[in-house]
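Below you'll find the structure, written out as structure tokens, and then a few comments.
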Amino acid sequence: MIELKDVHKQLGGRMILDGLSLTVEEGETLVILGRSGTGKSVTLRHVIGLLTPDHGEIEVLGEEISLHKPEILRKVRRRIGYLFQDGALLNWLNLADNIGLPLRERRAHSEEEIQQRIAEVLSEVELDGHATKLPSEISGGMRKRAGLARALVCQPEIMLYDEPTSGLDPISSTVINGLIMKLKEMGITQMVVTHDMKSAFEVADRIALLHGGKVHALGTAEEFRGSSDPAVQQFIHGNVEGPLAREFREDPGADSLNNEESEES
């Protein structure tokens, strides 16, 4: 369903992805972990074709997208939903119009069908009664859920999430995790970038830890919990000392990269 082969990407003079290879099977929910600036969101952006690899291949839904051919990208993107970290709503449109925008762009549905689908996804993310509100009139957590509703409105085959529970209260986080689990039960293929270990262990079929521009560790939630790998244990428990801390301290470009990628986890 999704395959990245030996992907390299340099940004701001620093190698972010350095030979990353990763496969996501059809119907699988893969969680991506790693310190800030390790390329988690960069990986998602390659999968949706927002970034082109400097080297390597990316295949999504049977299509080679690393060549960045417009006709192929359009074809693949129509089948993918993407939840950006900040929701990425248009401030001048109310929630209903934000959510309905992808359907109206496709011009394949009647207005009645669009309104019905908007109502369905608003209900799924518990935003009933807020359709006419502007993004500036709702909380950050509600904007995140509205962004998820927009990503779901076209019933994608693949869902990509960039920090879906960051900044949310525990109840809103539970709603988001529940939706991810519901899509998982429906057989939707999903990639989830998160720092929320509770969420990671709850929704993941497998977990990948990025370190040094590559997949450092890959396994099920139970395999991660029981891993003897110092990097895995350091990340799970949030320890300051360990192999991940050493890499972070020794990298003089880490802070500048984090500023450059303020939306990247």
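A short reminder: the numbers here are calculations on the coordinates, not readings from a lab. Not measured: the values here are computed from a predicted model. Heads up, the Cβs are rebuilt from the backbone with ideal geometry, glycines too, and the neighbour counts pull from every protein chain shown.
Computed quantities for the displayed model
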quantity: Karplus (6.51, -1.76, 1.60) ³J(HN,Hα), θ = phi - 60°, over the range 120-136, in Hz, Gly and Pro reported as x; calculated: 5, 6, 4, 5, 4, 9, 6, 10, 4, x, 10, 4, 8, 7, 7, x, 6
quantity: Rule-of-thumb Rg ratio for the range 89-155 [Cα; 2.2 N^0.38 Å; N residues]; calculated: 0.99
quantity: Among LEU95, LEU50, LEU73: highest mean-square fluctuation, GNM of the chain, C-alpha pairs under 10 Å; calculated: LEU50
quantity: Tail fraction, Cα-Cα pairs, the range 156-248, threshold 20 Å, whole percent; calculated: 40
quantity: Farthest positive-ward along the chain dipole, Cα basis, beta-carbon charges - from ALA208, SER166, ILE72; calculated: ILE72
quantity: Those chymotrypsin sites (Phe, Trp or Tyr not before Pro) in the range 25-129 that DSSP places in a loop and that have at most 15 other beta carbons within 10 Å; calculated: TRP92
quantity: Unsatisfied cross-links (Cα-Cα over 28 Å) in the set LYS9/LYS75; LYS69/LYS198; LYS69/LYS144; LYS9/LYS198; calculated: LYS69/LYS198; LYS69/LYS144; LYS9/LYS198
quantity: Qualifying trypsin sites (Lys or Arg not before Pro) in the range 100-152, DSSP loop, other Cβ atoms within 10 Å at most 16; calculated: ARG107, LYS133
quantity: Fully extended contour minus Cα-Cα distance, from SER136 to ALA88, at 0.36 nm per residue; calculated: 16.1 nm
quantity: Bridge type composition, the chain - antiparallel percent by DSSP, nearest 5; calculated: 55
quantity: Normalised convex hull volume, the range 1-158, alpha-carbon set, Å³ per residue; calculated: 135
